[in-house]
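Novice: Quick one: structure below, then a few questions.
Only the coordinates and a few stated rules stand behind these numbers; no lab work does. Since we're looking at a predicted model, the values are computed, not measured. Using ideal geometry, Cβ is built from the backbone for each residue, glycine included, and neighbour counts are taken over all protein chains shown.
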Amino acid sequence: MYGLVNRAVEGLVRSRFGDDAWLTICKRAKVDPGGFVAMDLYDDAITYQLVGAASETLELPAETVLEAFGEYWTIYTIEEGYGDLVAMMGGSLNEFLDNLDAMHDRIGHAMPGLVPPSFKRDSLEDGSSVLHYYSEREGLAPMVIGLVKGLAKRFETSIEIELLDASVPGHCQFMIRESA
Ligand code: 1DX
């Protein structure tokens, strides 16, 4: 994945747990803490190692780390200058989710090594949604829960999201309900 992702892991850890925690995590993950380059490509294994080491060091389940990362991603990418892109892609949570593939297409034109996931949202009669998430990467469903929660905060809407089904490899389904 692009270094931007590893930089976001770094930003999350350092802002919440401090510089020492980040150094400990890098040591445990056998990763150089010298800094990732946002636009360089890194092996996905590095990101998984960082998440694993963060989970062990902070004594938090990997799912919790992944979800926190997902929530942080929206804030982080806006800070890092991708706010306009995010703003262009929708004025509401549902519109944004509907445009995620188009957004990744755009980014992919400039960033040829991007391996984006794909999302499809189905609207249900009662106003809730089923979100389909297709990815070549394994085990990242908790990150998607965080991503959607982060987006909901950004669009100032309260939602509940739950994993409905992950029985087919590469495809997860989530239920998203607006809540009062
Ligand atoms: F719900 O793969 C909301 O490298 C969502 O299953 C989900 O393959 C927002 F540095 C710049 C750059 C670069 C901008 F210039 C990426 F290169 C991308 C910014 C997406 C904002 C996907 C990151 C693939 C890297 C992937 C989880 C899980 C998608 C991370 C979240 C908005 C982004 O993102 C999986 C890669 C960006 C950039 C957004 C992603 C790669 C998402 C979302 N993905 C690189």
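Novice: Taking only DSSP H segments of four or more residues, each worth -39500 (n - 2.57), what value at 222 nm results for the chain once the sum is divided by all its residues, to the nearest 500 deg cm²/dmol?
Specialist: -16000 deg cm²/dmol
Novice: Something else now. Sum up the charges of everything whose Cβ sits under 11 Å from the Cβ of ILE161, counting Lys and Arg as +1 and Asp and Glu as -1, but leave ILE161 out.
Specialist: Once positives and negatives cancel, what remains is -2.
Novice: So who's got an amide H within less than 5 Å of the one on TYR42, skipping anything under 5 residues away but keeping other chains? H placed 1.01 Å off N, in plane.
Specialist: TYR2, GLY3
Novice: I would also like to ask the following. Using the C-alpha atoms of the stretch 96-178, what convex hull volume per residue, in cubic angstrom, is computed?
Specialist: Given the Cα convex hull of the stretch 96-178, per-residue volume reads 93 Å³.
Novice: Moving on to the next point. In nm, to one decimal, how far is the modelled label at ASP44 from the one at ALA87, with both set 7 Å along Cα→Cβ?
Specialist: Output for this residue pair reads 3.3 nm.
Novice: For the stretch 20-59, what does the convex hull of the Cα positions come to per residue, in cubic angstrom?
Specialist: Dividing the Cα hull volume of the stretch 20-59 by its residues yields 62 Å³.
Novice: Still on this structure: Suppose we look only past 14 Å in the calculated P(r) of the stretch 29-82. What percent of the Cα-Cα pairs does that tail hold?
Specialist: 63 percent
Novice: Count the net charge of all other residues whose Cβ sits under 12 Å from the Cβ of ARG177, scoring Lys and Arg as +1 and Asp and Glu as -1.
Specialist: Residues near ARG177 contribute -4 overall.
Novice: To continue, here is another question. What is the angle, in °, between the Cα long axis of helix 141-154 and the longest principal axis of the Cα atoms in the chain? Nearest 10 is fine, range 0 to 90.
Specialist: 70 degrees
Novice: Report the convex hull volume per residue for the chain, counting only C-alpha atoms, in Å³.
Specialist: Convex hull volume per residue, Cα atoms: 120 Å³.
Novice: Now a separate question. Provide the per-residue ³J(HN,Hα) series for the stretch 19-28, in order, calculated from phi with Karplus coefficients 6.51, -1.76, 1.60 and θ = phi - 60°, each as a whole number of Hz, with x at glycine and proline positions.
Specialist: Coupling constants for the stretch 19-28: 5, 4, 4, 4, 5, 4, 5, 5, 4, 4 Hz.
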